[in-house]
Each structure stands twice: as C-alpha cells, then as structure tokens.
Amino acid sequence: MATILSISSQVVYGAVGNSAGAFAMQRLGHEVWQVPTVLLAHHPGYGSFEGELLGEELIERLVRALDERGWLSRCDAIFSGYLANAEQAGAVADAVARVKSANPKALHLCDPIMGDENGAYVSGAVEAAQAALALRADIVTPNWFEFARLAGEEPADIRAAIPLARKLGPKIVTITSAPAPKGRISNLAVEDRKAYRAETARYSATDDAMTPKGTGDLFAAIFLSRLLSGVAVPQALARASACSAALIRSSVEAGRGELALAHDQAMIWDPGLPPNIEVFA
C-alpha cells in the first residue's frame, strides 16, 4: 500500500477530480490524503453552480500541518490536478517540495488540466502555471490537446509525439485521447527508451452531455496507482486504459451521465477489456 497526497478539484455530486481519482486509488489499495483546490456542488458542465476555491495560503497551511507532524515522510506520491487559479500552483509546488524533502523517493504526477479537443477551458495564466508544474514533474498525463500546449506544437501523429514527449523533461509522459481509427481511442506512454500505445474502443453518448466527465482524472489515478504497486509502465498503461473504457461504457449504456464508481468499482480492479498494446522503439 502506498500513500498519496492528492491535490485537485472536488464535487459534492458526480465523479471528477478527487471525487473520481481518490476513490479509484483507494479501491486499488492505497491511502489517499485529499486536498481540494475547489469545492463545487457539481462540475460546471451542468451550468451554473455553487462552490468556492481554496486559496493558495489555505492549501499551504493544510500541507504544512501534515509536515509539522512528520506525516509527509509516509507519502509515496503527490497527485496534482485541476487548478482554480494560477496562484494555487505555488501551493502545489510547495507541497511537492515538502514531500520530496521528507521522502526523496516520492513521485509527483501532474495531470495538467487545461482543456480538450473542444479547446481551452482555463485561463492563460492557469495554463502557464500548469505547464510549469508539469515540466518539473516525474510523471505527466496530458490529453492530446494539452500535450500540444506543453510541447509548443501539435504532432502530426503518435510517432511524431514520441520525440516531443522525451524533450519535455518528466521521466514518463502519458498522453490520453491520442489519434486513433474511428471508433477507437489511443493512450500513449513514453519513457526514455521505449514508448507504448494502448488502444480501446471509444464510448460516447449520443447526447454529449450524457458522456461522463472526469475520465482523465480517473485514468491518471489508476495509472499512478498501478505504478506504485510495482506494475511496469506498459502494464499500467494497459490497465488504466481498459478500466477507463469499461467504466465509460457502463455509464453510457446505463444513460447515467456520470461515472458510477461505487456501483462499478469491480471494474477498477478487473475491467475485463484488455486493450491492444503496441510497443514503439
């Protein structure tokens, strides 16, 4: 069992941010300490919402309190996701520094949430702050849109993305929603000497509003969880891809509009949908 400090968004209703990722990491046997960057009634896709962001100072105080009690030495990883404003990046950087000081072997996974194929949905300041965190992380998990932002250009295809990923800096760059044949979806993991692609079926509702959100949070959480359990990168990529696809399929077929993680939690452990894995040199 590993211990993970997870700093991301949280919702009362639904499964995005910590409300998705923390559950998955716990289901896979890890202890998760959750720090919300923002607490909302639900994700903004439903329209107007209630909630508040946590200021940089409060996030720093929460993490500092754990540090003062010596608990950060038990942390094996930091998961950072959604930022509500650019200033919160300073609190995340402080948390990473504190954890790595207490446990130099701890990993930082940054899920640099900026936008998706429909465009950016954070400010330019937040995008720059996420990029700064991502480039210093041990593992980064952008989607194809976010990867292009980090790399400074959109690669022509998956193979062209590999050398760009190796230039970014993190030891492992995992790119979700990469180009794939119609009806399929690809996820790519790039290390120093090897790169791997996992391909699964793409599941989406006829009404886009009924396609669940939080799938990137879920994927990153499962990928990190598997790595912390000693699983190699290609197998971690395969499991995260298969689990995400299975949970999305279940939600779409049931017409839920949200990931039903408690109902479908067995799929987090055993998705029953082995993806095709391709190894690139």
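In table form, for the structure just shown:
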| read-out | value |
| --- | --- |
| Cross-chain or 6+ apart pairs with Cβ under 6 Å, the stretch 224-250 first and in contact (Cβ under 8 Å) with a residue 40 or more places away in the chain and within 15 Å of S177 (Cβ to Cβ), then assigned to a loop (DSSP other than H, G, I, E, B) and open to solvent by 30 Å² or more (accessible area, probe 1.4 Å) | A245/L273; I248/Y203 |
| Any hit, the stretch 136-153, residues being open to solvent by 10 Å² or more (accessible area, probe 1.4 Å), of a type in the set (G, A, S), under 24 Å from A195 (Cα atoms) and part of a helix (DSSP H, G or I) | yes |
| Contacts under 8 angstrom Cβ, first residue in the stretch 147-173 being within 16 Å of A134 (Cα to Cα), partner open to solvent by less than 30 Å² (accessible area, probe 1.4 Å) and of a type in the set (D, E, K, R), 6 or more apart | P170/D138; K171/D138; I172/D138 |
| Hits in the stretch 190-238 (condition: touching a helix residue (DSSP H, G or I) at 6+ places or on another chain (Cβ under 8 Å), of a type in the set (S, T, Y) and not in a helix (DSSP H, G or I)) | Y196, T200, Y203, S204, T211 |
| Exclusive hit being open to solvent by less than 10 Å² (accessible area, probe 1.4 Å), more than 19 Å from the chain's Cα centre (by Cα) and over 21 Å from L133 (Cβ atoms), set G257, G272, G183 | G257 |
| Qualifying position, being over 20 Å from the mean Cα position of the chain (by Cα) and either polar (S, T, N, Q) or farther than 30 Å from Y13 by Cβ (or both), among R166, R69, R136 | R69 |
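The values are calculated or read from the model by the stated rules, or taken from the named source; none is laboratory data. A quick note: this is a predicted structure, and the numbers were derived from the prediction, not measured. All Cβ positions, glycine included, derive from the backbone under ideal geometry; neighbour counts span all protein chains shown. Accessible surface areas use protein heavy atoms only, side chains included; no ligands, DNA or RNA. Shrake-Rupley method; radii C 1.70, N 1.55, O 1.52, S 1.80 Å.
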